[in-house]
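The structure appears right after this line, and notes come after that.
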Amino acid sequence: MSALPSDAADEGLTHEASVPEPTPVPTLNLANLLTLSRLVLVPLFVVALFVGDGHDTTWRAIATGLFAVASATDQLDGWVARKYGLITDFGKIADPIADKALTGAALVGLSVLGELGWWVTIVIAVREIGVTLLRFWVIRHGVIPASRGGKAKTMAQIAAIVAYLLPLPAGADPVRWALMGLALVLTVVTGVDYLVRAVRLRAAGRRVTGS
């Protein structure tokens, strides 16, 4: 009689040991390839933007199209990663870097062409570079995913940049200013929020590791 519980326990151990380990997500996957494609489109966008000193209507439309396609991959790669379980630490880091490269190239390009004040580009660039540095500062303690505010900031920046890229008449200037103003507010607010979250994550990590 005493052998029965032992046999059952052995069977339970055997069954538990047979549970397969979860398959690691490969770094080279569709979601990350979409992210990398966004980086590839950045230099093509810059070339198109500066053809004809930025005043060629056809090339401005092409530049706007390239920017829009590259921006769309930001939404697509996140959807693919979540739907098919392709979320990786590489993607969490590469995705915002690709975003910053694209928006940074657009803002600097517009400022070089004299269509956007340099102070706007500098404010946004300081925030984006600062957040990237914060990511590396806390990376050994964890990765902070994009928040809803961060996603809203990205969408506002994209909308404002598209409005500036399009060869619109001067009457559209108030719309451009309003969109860029909203993007600036969200950029600063979410930057402060990210700083707070990064400090908290690092403090929690140091408590756990004792370092």
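Treat the stretch 74-114 as a sphere of radius equal to its Kirkwood radius over Cα pairs and apply Stokes-Einstein at 4 °C in a medium of 1.567 mPa s; give the translational diffusion coefficient in µm²/s, rounded to a whole number.
113 µm²/s
What is the extension gain from residue 139 to residue 126, computed as 0.36 nm multiplied by their sequence separation minus the C-alpha to C-alpha distance, in nm to one decimal?
That pair, residue 139 and residue 126, stretches by 2.7 nm at full extension.
Using the Karplus curve 6.51 cos²θ - 1.76 cosθ + 1.60 with θ = phi - 60°, work out ³J(HN,Hα) for each residue of the stretch 39-48 in order, rounded to whole Hz, and write x for Gly and Pro.
5, 5, 6, 4, x, 5, 4, 4, 4, 4
Using the Karplus curve 6.51 cos²θ - 1.76 cosθ + 1.60 with θ = phi - 60°, work out ³J(HN,Hα) for each residue of the stretch 190-202 in order, rounded to whole Hz, and write x for Gly and Pro.
5, x, 5, 4, 5, 4, 4, 5, 5, 5, 5, 5, 5
Quick one: plug the Kirkwood hydrodynamic radius of the stretch 26-154 (C-alpha pairs) into Stokes-Einstein at 4 °C, 1.567 mPa s, and report D in µm²/s.
So the translational diffusion coefficient is about 83 µm²/s.
Relative contact order for the stretch 111-211: what percent, with Cα pairs under 8 Å and sequence separation of 6 or more?
Once divided by the residue count of the stretch 111-211, the mean separation gives 40 percent.
Under a point spin-label approximation (7 Å from Cα along Cα-to-Cβ), what is the residue 50-residue 97 distance to one decimal in nm?
In this crude spin-label approximation the distance works out to 2.3 nm.
Please list, in order along the stretch 115-120, the HN-Hα scalar couplings obtained from phi with the Karplus expression 6.51 cos²θ - 1.76 cosθ + 1.60 (θ = phi - 60°), rounded to whole Hz, x for Gly and Pro.
Rounded to whole hertz, the list is 9, 9, x, 4, 5, 5.
What is the sum of charges around residue 91, taking Lys and Arg as +1, Asp and Glu as -1, for the other residues whose C-beta is under 14 Å from the C-beta of residue 91?
0
How much net charge surrounds residue 108 when only the other residues with a Cβ under 12 Å from the Cβ of residue 108 are counted, with Lys and Arg +1 and Asp and Glu -1?
-1
Can you tell me the Rg and the Dmax, both Å, for the Cα atoms in the stretch 95-199?
Expressed in Å, the Cα Rg and Dmax of the stretch 95-199 come to 14.3, 50.
May I ask you to compute the full-extension gain from residue 151 to residue 206, defined as 0.36 nm times their residue separation minus their alpha-carbon distance, rounded to one decimal in nm?
Fully extending the segment from residue 151 to residue 206 adds 17.0 nm.
Working only with C-alpha atoms, what are the Rg and Dmax values of the stretch 158-211, expressed in angstrom?
Spelled out, the Cα radius of gyration and Dmax of the stretch 158-211 are 18.9, 60 Å.
Computed from the coordinates by the stated procedures, all read-outs in this text should not be read as laboratory data. Quick caveat, the model's predicted, so the values are computed rather than measured. Heads up, the Cβs are rebuilt from the backbone with ideal geometry, glycines too, and the neighbour counts pull from every protein chain shown.
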